[in-house]
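> Shown below is the structure under consideration.
The values are calculated or read from the model by the stated rules, or taken from the named source; none is laboratory data. Here the structure is a predicted model, which is why all the values come from computation and not from measurement. Neighbour counts are summed over all protein chains in view; Cβ atoms, including those assigned to glycine, are modelled from backbone coordinates with ideal geometry.
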Amino acid sequence: MKCAKIESLIYLYNELDEREKLYVDVHKDGCASCRSLFVQRGQQHIWIREVGAMPVLAASPPRIKRNIMQAIEANKENSFTEIINIVTMYWLRASLAIASILIAGLFFAQRSADYSRTVLNSTNSVSNGIRLNTPQFLKAHLKRRESANQISFYDCLKQSDSEFLKNLKAN
Amino acid sequence: MHSPTTPEVIKAAKAGSVKAFETIVDDHQVFAYRVAFRLIGDTQEAEDIVQESFISLWKNLDRYRADLKLTTWLYRIIVNKCLDYFKSTTTKQNKNKVALQFAVALADNNNPEKEFESNELLKVIHDASKLLTPKQRAVFVLRDLEGLEVSEVCEILSISAGNLKSNLYYARLAMSEKLKSFNEHETSYL
């Protein structure tokens, strides 16, 4: 049981603290199999270090470097284009948003003006006991327009037509 | 080993200087390829990982903290890229097809016997590393082949010292089994 524990410690001998190393050293001095494993591990460690010291060279280091630098240049260009795109996109978005707000504002301003006029007319008619969307309502509406000296669009067209015909005949 | 990059060069690269980043690539390319190749075991894939790692380094350079070594940060990027590679499904399918490609220039070319031994040793370690889990392989490469300190390996892999020791133990145990046969082969020559 003790040897099994020592064996696992032998594999990690270089990572042990001084107290643990001493523990292993004392045991292996009196245990032939652990001492043998320790020697064997020591040899293996040397071989592994030997392999670690061998240079590992790429087939073509300049090609790798060229590829890296090309990718970085491309990345830099892409980043610049990306920034331009983002700025353009935000500028466009902001312009569209402002235009939409202005159109919506104009629409609601016009609508509220129309609404107040309609409400005024309707209120007058309703207060006179006339129901909305009835010939009486329209009659009252037209009367009020005449009294205000306002001509309807139809009358306007009619007048224009007769003036046009007069001019045509005169010519 | 690689030469350390000066803080001025890193600062210039952070500011967007391609020339300064080119210096960083020059200083670290060899070590980056070595680590990637030792983890992956395939030259083409290792090259791809090195390229991706440097591109990732460039993109995230503004997040670099001066208290961390640039090599530690680069190690972390490379190891994470390699671990991602192991996780990919295509890699799992081709796991056993990885060719034994050793891009190694041996120092002692005048001694064919020594060269043969070194190649044999390399083959044994490469075969054994294929049996390890990605994390065990990463721990083994960083601690035993790269010779990094325990604390640095823990920082690169974001693991505790206990976790590192556990992975290292299993990795060395697997290596030991394979190296025993190499040992017998070696002694039979004597």
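> Considering each of B:31, B:54 in turn, give the residue that is more than 23 Å from residue B:131 (Cα to Cα), aromatic (Phe, Trp, Tyr) and touching a residue at least 40 places away in the same chain (Cβ under 8 Å).
Going through B:31, B:54 in turn, just one is more than 23 Å from residue B:131 (Cα to Cα), aromatic (Phe, Trp, Tyr) and touching a residue at least 40 places away in the same chain (Cβ under 8 Å): B:31.
> Still on this structure: In the set B:138, B:174, B:161, which member is more than 12 Å from the chain's Cα centre (by Cα), small (Gly, Ala, Ser), surrounded by 17 or more Cβ atoms within 10 Å (Cβ to Cβ) and not assigned by TED's automatic domain parsing to the domain that holds residue B:72?
B:174
> Which residue, of B:61, B:100, is buried (at least 17 other Cβ atoms within 10 Å of the Cβ), more than 12 Å from the chain's Cα centre (by Cα) and modelled with pLDDT under 90?
B:61
> Related question: Scan the range B:129-158 and report the pairs whose first residue is within 14 Å of residue B:83 (Cα to Cα) and whose second residue is among the aromatic types (Phe, Trp, Tyr) and at pLDDT 90 or above, with Cβ atoms within less than 6 Å and a gap of 6+ or a chain change.
Close Cβ pairs satisfying both conditions: B:136/B:170; B:156/B:75.
> Out of (1) closer than 17 Å to residue A:62 by Cα; (2) facing chain A (nearest Cβ under 9 Å); (3) buried (at least 19 other Cβ atoms within 10 Å of the Cβ), what's the single condition that is false for residue B:38?
Every condition holds for residue B:38 apart from (1).
> Being more than 30 Å from residue B:139 (Cβ to Cβ) and of a type in the set (A, V, I, L, M) is the filter; apply it to the range B:14-35 and report the residue that is surrounded by the most Cβ atoms within 10 Å (Cβ to Cβ).
This residue is B:20.
> Next question. Specify which of the listed residues (B:115, B:8, B:47) is of a type in the set (Asp, Glu), farther than 16 Å from residue B:138 by Cβ and at pLDDT 90 or above.
Details: B:115 fails: at pLDDT 90 or above; B:8 fails: at pLDDT 90 or above.
One residue alone meets the criteria, B:47.
> Sticking with this one: I need the full set of residues from the range B:41-57 which are part of a helix (DSSP H, G or I), more than 7 Å from chain A (Cβ to nearest Cβ) and of a type outside the set (Gly, Ala, Ser), in order please.
Just the residues of the range B:41-57 that are part of a helix (DSSP H, G or I), to begin with: B:43-57.
Filter once more, keeping what is more than 7 Å from chain A (Cβ to nearest Cβ): B:44-46, B:48-49, B:52-53, B:56-57.
Within the range B:41-57, B:44, B:45, B:48, B:49, B:52, B:57 meet the criteria.
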